[in-house]
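The values are calculated or read from the model by the stated rules, or taken from the named source; none is laboratory data. Source: prediction; values computed, not measured. Neighbour counts are summed over all protein chains in view; Cβ atoms, including those assigned to glycine, are modelled from backbone coordinates with ideal geometry.
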Amino acid sequence: MHSFHYENGSLHCEGVDLNALAEEHGTPLYVYSKGTILDHYHRLAAAMSDLDCQICYATKANSNIAVLNLLAEEGAGFDIVSAGELFRVEKAGGDSGKCTFAGVGKTRAEIEYALRREIYSFNAESEAEIALISEVACEMGVVASIALRVNPNVDAQTHKYISTGKSENKFGIDFSVIREAYERAAGLPNINIRGLQMHIGSQLTSVSPFVEAVKKVAPLVEELKEKYHIEFFSIGGGIGIVYEDTLASGVKDWWGGEDENPLTIEEYAAQLVPLLKPLGLKIILEPGRFMVGNAGILISEVLYEKHGSAKTFKIVDAAMNDLIRPALYDGHHDIVPLKEPSSESEEVDVVGPVCESGDFFAQNRLLPKLESGDKIGLLSAGAYGFVMASNYNSRPLPAEILVYNNSAHVIRERQSFDDLVRGESIPF
């Protein structure tokens, strides 16, 4: 499900009028639906309920402490990739003992911090990293729990920048040498081998790569369980979401429609649970985009219309520094007016004010007729939106709002100009 719909001619998030929010808080503005996030968590948990399953939300997708808190309250663990994310999780009320720490470049300081906070497991991505974890653990007089991240060399069939499970990617330890890596890790002091982890990529819209990876790795899991008594197998995240036609009233629901037929959570569970249950281990899932992607919207205002010899441009006040996915991945986001549109449409480019030709949200897109002053919403902006935002062109970061039923709460204030230079100084 999702919670964006037209009511009385105005786009709403749950029971809150987004036009009213934009007028009150200004634009650009991120708005998230609490009900949608909770619904996705509960549906995933229910689908995997035949397993001993722990959902560890991928914090990098959206790390606002209000979002983390509502998932922590539901019992979620967290997949973290930095000490800063671990700090956020604990500030949000999350349990460090339910955190798995991924990433290819953990620093000594981050390893020390994570050991002090007693995380559940490091997902180690190289033997050099394992050696450093052992060294730091010995210095601190503690035991570090680890899982090795295996790279199964499976093509996730996704964008090359978010594919992580092929041998050419920087992530994990090659499948051909993983057994030897475990044997060497087992010989290191102050190391507890707790599990095995894999993650083949993000925004997967077919269950086939998941099935291929699990089938390939399952025999290895059984060997490691027998030899090292591992207690968990993490299959990562990567469940894709609908980015196109997400607001076609009465035609498409959250999980698919006439033109886009993505992976459903029911199909995901039906294919994977029978493969995972015989392993007799705790199964860890690390979803991010799936949990929050379609729960968010970025609201922007149309500033100008510009007619060129080849195109018509709609210039808006949001920019690539606010939402970089279109510029970085050529990612699609549906764009809808906050006022319910008529049938009149035009082909336009929707572009921002930043001084880059890559600063666009749509190109050659057929959209409802938009005038200066109209507010628009970029849908499916809840994941990898604000977390990847920057102050490029000295633009203050937007505010963030969390909606639940008929209430809206500011969960991050809009940056001021003073915030832009805070911490800077002029020497001499």
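Look through the range 180-220, keep the residues that are in a strand (DSSP E or B) and among the polar types (S, T, N, Q), and return whichever of them is nearest to MET291 (Cα to Cα). Walk me through how you get there before you give the answer.
Pass one, the range 180-220, residues in a strand (DSSP E or B): 191-197, 201, 204.
If we keep only those that are among the polar types (S, T, N, Q) as well, we get 192, 197.
Details: ASN192: 31, GLN197: 20 Å.
Filtering the range 180-220 for residues that are in a strand (DSSP E or B) and among the polar types (S, T, N, Q), the one nearest to MET291 (Cα to Cα) comes out as GLN197.
Just name the residue that is farthest from GLY75 (Cα to Cα) out of those in the range 261-313 that are modelled with pLDDT of 95 or more and β-branched (Val, Ile, Thr).
Applying the filter and picking the extreme gives THR312.
Residue-wise test of (1) surrounded by fewer than 16 Cβ atoms within 10 Å (Cβ to Cβ); (2) under 18 Å from VAL336 (Cα atoms); (3) over 25 Å from the mean Cα position of the chain (by Cα).
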site	(1), (2), (3)
ARG395	no, no, no
VAL410	yes, no, no
GLU413	yes, no, no
ASP418	yes, no, yes
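So which residues in the range 183-223 are surrounded by fewer than 17 Cβ atoms within 10 Å (Cβ to Cβ), of a type in the set (Gly, Ala, Ser) and either over 18 Å from GLY237 (Cβ atoms) or not assigned by TED's automatic domain parsing to the domain that holds ALA128 (or both), if there are any at all?
Of everything in the range 183-223, those that are surrounded by fewer than 17 Cβ atoms within 10 Å (Cβ to Cβ), of a type in the set (Gly, Ala, Ser) and either over 18 Å from GLY237 (Cβ atoms) or not assigned by TED's automatic domain parsing to the domain that holds ALA128 (or both) turn out to be ALA186, GLY187, ALA218.
Determine if the range 95-109 includes at least one residue that is more than 23 Å from the chain's Cα centre (by Cα) and assigned by TED's automatic domain parsing to the domain that holds GLU231.
Of the residues in the range 95-109, the ones more than 23 Å from the chain's Cα centre (by Cα) are 108-109.
Now drop any that are not assigned by TED's automatic domain parsing to the domain that holds GLU231, which leaves 108-109.
Yes - at least one qualifying residue is present in the range 95-109.
Among residues belonging to the range 1-56 that are small (Gly, Ala, Ser) and within 20 Å of GLY293 (Cα to Cα), point out the one that is modelled with the lowest pLDDT.
Within the range 1-56, the first condition is being small (Gly, Ala, Ser), and the residues that meet it are 3, 9-10, 15, 20, 22, 26, 33, 35, 45-47, 49.
Filter again for within 20 Å of GLY293 (Cα to Cα), leaving 3, 15, 33, 35, 45-47.
Details: SER3: 91, GLY15: 97, SER33: 98, GLY35: 97, ALA45: 98, ALA46: 98, ALA47: 97.
Taking the candidates together, the pick is SER3.
Which residues, taken from the range 66-81, are among the β-branched types (Val, Ile, Thr) and closer than 15 Å to GLY382 by Cβ?
In the first step, residues of the range 66-81 are kept if they are among the β-branched types (Val, Ile, Thr); the result is 67, 80-81.
Selection gives VAL67 alone.
So is LYS282 under 27 Å from VAL67 (Cα atoms), surrounded by fewer than 22 Cβ atoms within 10 Å (Cβ to Cβ) and in contact (Cβ under 8 Å) with a residue 24 or more places away in the chain or not? Don't jump to the end; show me each part of the working.
Values: under 27 Å from VAL67 (Cα atoms): yes; surrounded by fewer than 22 Cβ atoms within 10 Å (Cβ to Cβ): yes; in contact (Cβ under 8 Å) with a residue 24 or more places away in the chain: yes.
Answer is yes for this residue.
Could you look through the range 344-393, keep only residues that are in contact (Cβ under 8 Å) with a residue 60 or more places away in the chain and of a type in the set (Asp, Glu), and pick out the one that is surrounded by the most Cβ atoms within 10 Å (Cβ to Cβ)?
The qualifying residue surrounded by the most Cβ atoms within 10 Å (Cβ to Cβ) is ASP374.
Looking only at the range 110-130, which residues are small (Gly, Ala, Ser) and more than 24 Å from the chain's Cα centre (by Cα)?
Of everything in the range 110-130, just one residue is small (Gly, Ala, Ser) and more than 24 Å from the chain's Cα centre (by Cα), namely ALA128.
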